[in-house]
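Worksheet for the structure shown next.
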Amino acid sequence: MSLSSRMIIVLTSVGLISGGFLAGVGILTKDRIALNKKMEIERAIVSVVPGSVSGETLYEEKDFTVYGAKNEAGDLQGFALYTSGVGFQDKISLMVGVDASLLRLNSIAVLDQKETPGLGAKITDPTSFLVFWENKDFTQPLSLRKPPAATAESLSASEVNTITGATISSEAVLGIVNAAREKLKALREEGKLAPGGTDAD
Amino acid sequence: MPTRTASQDFLKGLWQENPIFRQMLGMCPTLAVSNAVINGIAMGLATAFVLIFSSFLISLIKKVIPNQVRIACYIVIIATFVTIADRFLAAFFPPISKSLGPFVPLIVVNCIILGRAEAFASKNPPGRSVIDALGMSAGFILALLILSSIREVLGSGTFLGYPVLGSWFEPWVIMVLPPGAFITLGILMAISLQIEMKSRER
């Protein structure tokens, strides 16, 4: 057998065996990975809408999904918005919890972020950032308090805290939430938030 | 090459030929993921898995592979094991998979693995290759563990997520940022070389 045919045969068989093996691994882990992702979304929905146990997709577009959060009896408790935008270094993905009347912001949760560790990454910290996003007035756009207030009580209903040293990350989160607010309002005016009707056009 | 015993094959990876402190291979994942101990351990174990299995397999089929296409074959084999490790982490340890981000797929180009395949596994029997890979993995994990412990304790005041320093401690944010990785690694390398030189003098 000539050298070149041996080279071709060996490389091809190594590739084919590896490919076959990986296809098997892919099939074995695919469902589990999809389930993990679904669980993560579900957990975030439940955490931002108090009293809810599950979420139903009401509207979906790229990087923006509205979930109707329901309690065990199936009654609507509020909406959870999966939304994302550009942060300091990479995309920030948030889950924003709003009550059923769209008047109040319950709380937000961070699903994905690659902000600077120790500075911008504080947007995931419950005590130094997320607590200042609880129970806010959602009838008008939110604004940032700079320099940050010491306690959540000293902020007005439409104000949230800035992270010292990470203004860009704080502003990014604010921008994402305010943009989601606008979108949600527009969707409601178009009548696309009725539970059961999953009209995604 | 002088004949070596199995324990020598293993131990050289820990100190004499430690992949991080001596061979200075695999710097990219070392610097990037050593900001927390759990990341260091996960990265070390994932790399060890890939290194041990690919060394074994490459050593097993080294006679079949024509010399001209050996690197391509090694990379395909390594990439296969890396993908398995990546899928496994994503399926069973999603938080770790998330915090390691792109550095798990990047194990493919970790020089420790290709380096051992080329320098050791392609010239030695499977048994010795596995022992060599075990030693190198242990050395890599050890180095990551030291580095990530220092960085997490000083940079976040925690160890494996548990607070170890009191509230009086103001975390050195620089330690969890890239400069902290370079500074710590440089100091550790200097210390290890110092110890080596002292022991040679005797």
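Observations on the model:
- Over the stretch B:1-143, Cα pairs under 8 Å with separation of 6+ residues give a relative contact order of 46 percent.
- Only lysines eight or more places from B:LYS62 in sequence, or on another chain, were considered; those with a Cα closer than 25 Å are B:LYS12, B:LYS123.
- Cross-link pairs exceeding 24 Å in C-alpha to C-alpha distance, out of A:LYS114/A:LYS136; A:LYS70/A:LYS136; A:LYS91/A:LYS122, comprise A:LYS114/A:LYS136.
- The distance between label points at B:ILE187 and A:ILE27 comes to 5.3 nm (points 7 Å beyond Cα on the Cα→Cβ vector).
- Efficiency of FRET from Cβ geometry, A:ALA150 and A:THR12, R₀ 51 Å, rounded to 0.05: 0.15
- Helix A:167-189 and the longest principal axis of the C-alpha atoms of chain A enclose an angle of approximately 80°.
- At an R0 of 51 angstrom, the distance between the Cβ atoms of A:THR57 and B:LEU145 translates into a FRET efficiency of 0.70.
- Here the stretch B:122-165 and the stretch B:1-78 have alpha carbon centers that stand 13 Å from each other.
- Excluding ligands, DNA and RNA and using a 1.4 Å probe, chains A and B jointly bury around 1900 Å² of accessible surface, summed across both partners.
- Net lengthening on full extension, B:LYS98/B:ARG70 (0.36 nm per residue, minus Cα-Cα): 6.8 nm
- Computed in the context of the full set of protein chains, the accessible area of the protein assembly as shown at 1.4 Å probe radius has 65% of its extent on carbon or sulfur.
- FRET efficiency estimate (nearest 0.05) - Cβ-Cβ, A:MET1 to A:THR167, R0 56 angstrom: 0.25
- Spin-label pair A:THR124/B:GLN194, simplified geometry with 7 Å Cα→Cβ offset, distance in nm: 3.5
- Other protein chain Cβ atoms within 10 Å, averaged over every residue that makes up A:25-33: 4
- For the stretch B:88-110, backbone nitrogen atoms closer than 16 Å to the point 7 Å from B:CYS28 Cα along Cα-to-C-beta are found at B:100-110.
- 20 Å Cα-Cα reach of A:LYS38 towards aspartates and glutamates, excluding residues that sit fewer than 8 places from it in its own chain: A:GLU56, A:GLU60, A:GLU61, A:ASP63, A:GLU72, A:ASP112, B:ASP86
- Per residue, the stretch B:7-147 exposes 38 Å² of solvent-accessible protein surface, assessed with a 1.4 angstrom probe and all protein chains in place.
- Partner shielding of A:9-15 amounts to 5, given as the average count of beta-carbon atoms from other chains within 10 Å of each residue beta-carbon.
- GNM flexibility winner over chain A from A:LEU144, A:LEU58, A:LEU11 (Cα, springs under 10 Å): A:LEU11
- Chain A: angle of helix A:3-48 to the longest principal axis, Cα-based, in degrees nearest 10: 20
- Residue with peak Gaussian network fluctuation, chain A [Cα springs, cutoff 10 Å], from A:LYS30, A:LYS38, A:LYS136: A:LYS30
- Radius of gyration and Dmax over the Cα atoms of the stretch A:45-189, both given in Å: 14.5, 45
- Unit Cα scatterers, Debye sum, the stretch B:62-202: log10 I(q)/I(0) for q = 0.19, 0.20, 0.21 Å⁻¹: -1.24, -1.28, -1.31
- Remark on the protein assembly as shown: ratio of C-alpha radius of gyration to 2.2 N^0.38 Å is 1.21.
The values are calculated or read from the model by the stated rules, or taken from the named source; none is laboratory data. It should be emphasised that the depicted structure is a prediction, and the values quoted were computed from it without experimental measurement. When we count neighbours, we look across all protein chains shown, and the Cβ atoms used for this are built from the backbone with ideal geometry, even at glycine. Accessible surface areas use protein heavy atoms only, side chains included; no ligands, DNA or RNA. Shrake-Rupley method; radii C 1.70, N 1.55, O 1.52, S 1.80 Å.
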